[in-house]
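Colleague: Mind having a look at this structure? Questions to follow.
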Amino acid sequence: MSDLEAPLVRPKRKKVWVDYFVQLRWIIVIFIVLPISCTLYFLTYLGDLNSERKSFKQRQKEHDENVKKVVKRLKERNPKKDGLVCTARKPWIAVGMRNVDYKRARHFEVDLSAFRNILDIDKERMIARAEPLVNMGQISRATVPMNLSPAVVAELDDLTVGGLINGYGIEGSSHIYGLFSDTVVAYEIVLADGRVVRATKDNEYSDLFHAIPWSQGTLGLLVAAEIKLIPIKEYMKLTYKPIVGNLQELAQAYMDSFAPRDGDQDNPEKVPDFVETMIYSPTEAVCMTGVYASKEEAKQNGNKINNVGWWFKPWFYQHAQTALKKGEFVEYIPTREYYHRHTRCLYWEGKLILPFGDQWWFRFLLGWMMPPKVSLLKATQGEAIRNYYHEMHVIQDMLVPLYKVGDALEWVHREMEVYPIWLCPHRLYKLPVKTMVYPEPGFELQRRQGDTHYAQMYTDVGVYYAPGPVLRGEEFDGAEAVRKMENWLIENHGFQPQYAVSELSEKNFWRMFDAGLYERCRRKYGAIGTFMSVYYKSKKGRKTEKEVQEAEQATLETPEMDTA
């Protein structure tokens, strides 16, 4: 490791009362958050069962009635007196760690809470039509028994269709299918003037179709989406391969696990169905590759089946880590349990929330109540705890070109020293228009490992945990670390998902993301003055009504630029 720059040396930090409160927070989690979470999960499950008992025709009828209510509500708004439009969902309910501070400014609420039904599963077209509050657990429970699945199923059960479209959604299959929004074939949107439109990539609303992803619901209200389905099998044959070396070598091994060096990236014989890698230290990682397998294959003599979804099972990231000691091994995991393998322990965040949650006795006695709902964790933390986590904790994703993964790992080690690190690849497609996120110009001429002529391979470098300096009791400036990370991403054509806490100024926000198509659609479809802009919706801190209104007015007064 002589070629790896050492982490920054920091002075010791004096503890304050919040440190002790955070250390004892497990008491609130066990006696309040977990029981309420478990109850809410059960009630949600009963609601899903009730929805499934209804015919698709009945669900569609209810959907149409609810859309009419949304249109009626929008038309009741007086632009001169009422605030900007946002949903009526409470600020703490969002799964992302960024608090929804924009709702503290005066706003005009539209209730979308009824939009949580799967409207249709079309086996001939291989399309699932779902409302925005349908979550990943709900949709996988409906489709997997049919040997079907959305092409991209984000790992955490609570993540919703609307959140993954308007924000960011990735899975281990994204190296084939792209991000969740890339698997959507049509959006049903209620525009600012109350019009209900269906946007596809090749109809008259194609510009809106391409502008919706990453827009945070600031172009219109999403009320339904048509999502691509793929055929699947009952099990995932998963290979765990330990890797030892420096961070650049770990990054190369990760690349080699799914990206053929001969450039044959579209060959299913060479590319696995699922990919992820976990970096456990600066010298150790485990690469996991999965391929769908039939029930008959999984149950052949000698094959090991692992039901990772059972509550008493070891947490998945710790189970994968055993490959570092026992070497490469293969096992078969039921497909739906594999999809949601990180749900029970929230990747490895569960270890910070419940320090003993991974112990066998806790898993056996109380593991069935896991995980705590992120929304309830946020609701019970208070302002002081929230600020503490912003400073002493990192939950960030760095989306970087595949060939820069090694550099990103070295940067994280030097500036944050967070382990484990999650690596998950995804395609960033070259589209007919330039969207908010886009590949590097001329990438198709370089033909680097993982790239094709139509898409550049990117990687999500997931950095979730308390940094090493915090764990050692040293000083750590979380806000400054995030600012440095954002600057690094801008310089390296990377992107930061907007669910996270951001320190970006407006200027740097639009250096990272492209504003051209988004702003054209804001003007064309009347979103300015009705919906808050994506920057102000993502911006850290409280927004006053005056600040938001002035930003909207400045946009209206700015002449439209030709960015095509």
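Colleague: Could you tell me which of the pairs 14/378; 484/540; 61/373; 57/123; 228/524; 201/430 are separated by over 21 angstrom between their Cα atoms in the structure shown?
Modeller: Details: 14/378 25 Å; 484/540 16 Å; 61/373 31 Å; 57/123 16 Å; 228/524 28 Å; 201/430 14 Å.
Violating the 21 Å limit, Cα to Cα: 14/378; 61/373; 228/524.
Colleague: Please give the per residue accessible area of the stretch 391-505, computed with a probe of 1.4 Å over protein heavy atoms only, in Å².
Modeller: Details: 3550 Å² over 115 residues.
Value for the stretch 391-505: 31 Å² per residue.
Colleague: For a Förster distance of 22 Å, can you work out the FRET efficiency between the beta-carbons of residue 126 and residue 454, rounded to the nearest 0.05?
Modeller: Details: r = 21 Å, r/R0 = 0.95.
The calculated FRET efficiency here is 0.60.
Colleague: Figure the gain on full extension for residue 19 and residue 297 (residue separation times 0.36 nm, minus the Cα-Cα span) and round it to one decimal in nm. Provide the component values of the computation, followed by the final result.
Modeller: On the way: separation 278, 0.36 × 278 = 100.08 nm, distance 5.09 nm.
Length gained between residue 19 and residue 297: 95.0 nm.
Colleague: Residue 255 accessible area, nearest 10 Å², 1.4 Å probe?
Modeller: Rounded to the nearest 10, that gives 20 Å².
Colleague: If 447, 53, 336, 363 are ordered by their accessible area, calculated over protein heavy atoms with a 1.4 Å probe, which sequence runs from highest to lowest?
Modeller: Details: 447 120, 53 180, 336 75, 363 30 Å².
Most to least solvent-accessible, the answer reads 53, 447, 336, 363.
Colleague: 5 Å is the cut-off here: which amide hydrogens, built 1.01 Å from N in the peptide plane, fall below it relative to residue 170, excluding neighbours closer than 5 in sequence?
Modeller: Those qualifying (amide H under 5 Å, at least 5 residues apart or on another chain) are 180.
Colleague: Now for a different question. How do 33, 374 rank by accessible surface area computed with a 1.4 Å probe, from largest to smallest?
Modeller: Numbers: 33 0, 374 25 Å².
Result, largest first: 374, 33.
Colleague: Further, regarding this structure: Fully extended, how many nm does the chain gain between residue 365 and residue 477 (0.36 nm per residue separation, minus their Cα-Cα distance)?
Modeller: On the way: separation 112, 0.36 × 112 = 40.32 nm, distance 3.80 nm.
Length gained between residue 365 and residue 477: 36.5 nm.
Colleague: Further question on the same structure: Report the one residue of 108, 508, 231 whose Cα lies farthest in the direction of the positive end of the charge dipole of the chain (charges on C-beta: Lys and Arg +1, Asp and Glu -1; origin at the Cα centre).
Modeller: Result: 108.
Colleague: Expected output is a single nm value to one decimal: the length gained when fully extending between residue 62 and residue 50, i.e. 0.36 nm times separation in residues minus the C-alpha distance. What is it? Show your work: numbers first, answer last.
Modeller: Values: separation 12, 0.36 × 12 = 4.32 nm, distance 1.35 nm.
Residue separation times 0.36 nm, minus the Cα-Cα distance, leaves 3.0 nm.
Colleague: Quick one: compute the contact order of the stretch 386-495, relative version, from alpha carbon pairs under 8 angstrom and 6+ residues apart, as a percent. Before the final figure, lay out each step's value.
Modeller: On the way: 165 pairs, mean separation 48.6, N = 110.
This gives 44 percent for the stretch 386-495.
Colleague: For the chain, what relative contact order do you get, as a whole percent, if you take Cα pairs closer than 8 Å and at least 6 residues apart?
Modeller: On the way: 1056 pairs, mean separation 105.3, N = 564.
Taking the mean separation of contacting Cα pairs over the length of the chain, I get 19 percent.
Colleague: Using only the Cα atoms, what convex hull volume per residue in Å³ does the stretch 58-231 have?
Modeller: On the way: hull volume 20.5 nm³, N = 174.
Hull volume over Cα atoms, normalised by residue count, gives 118 Å³.
Colleague: Can you give the accessible area per residue of the stretch 34-90, in Å², using a 1.4 Å probe? Numbers along the way, then the final one.
Modeller: Numbers: 3760 Å² over 57 residues.
Per-residue value: 66 Å².
Colleague: For the stretch 271-280, just list the computed ³J(HN,Hα) in residue order, Karplus coefficients 6.51, -1.76 and 1.60, θ = phi - 60°, integers in Hz, with x standing in for Gly and Pro.
Modeller: After applying 6.51 cos²θ - 1.76 cosθ + 1.60, I find 10, x, 6, 9, 9, 7, 9, 10, 8, 8 Hz.
Colleague: While we're looking at this one, here's another question. What nm value, rounded to one decimal, do you get for the distance between residue 147 and residue 109 when each label is placed 7 Å out toward the C-beta?
Modeller: 4.7 nm
The values are calculated or read from the model by the stated rules, or taken from the named source; none is laboratory data. These numbers come from a predicted model, not from an experiment. We place every Cβ from the backbone using ideal geometry, glycine too, and count neighbours over all the protein chains shown. For the accessible areas, the whole protein counts, side chains as well, though only heavy atoms, and no ligand, DNA or RNA atoms are used. Shrake-Rupley method; radii C 1.70, N 1.55, O 1.52, S 1.80 Å.
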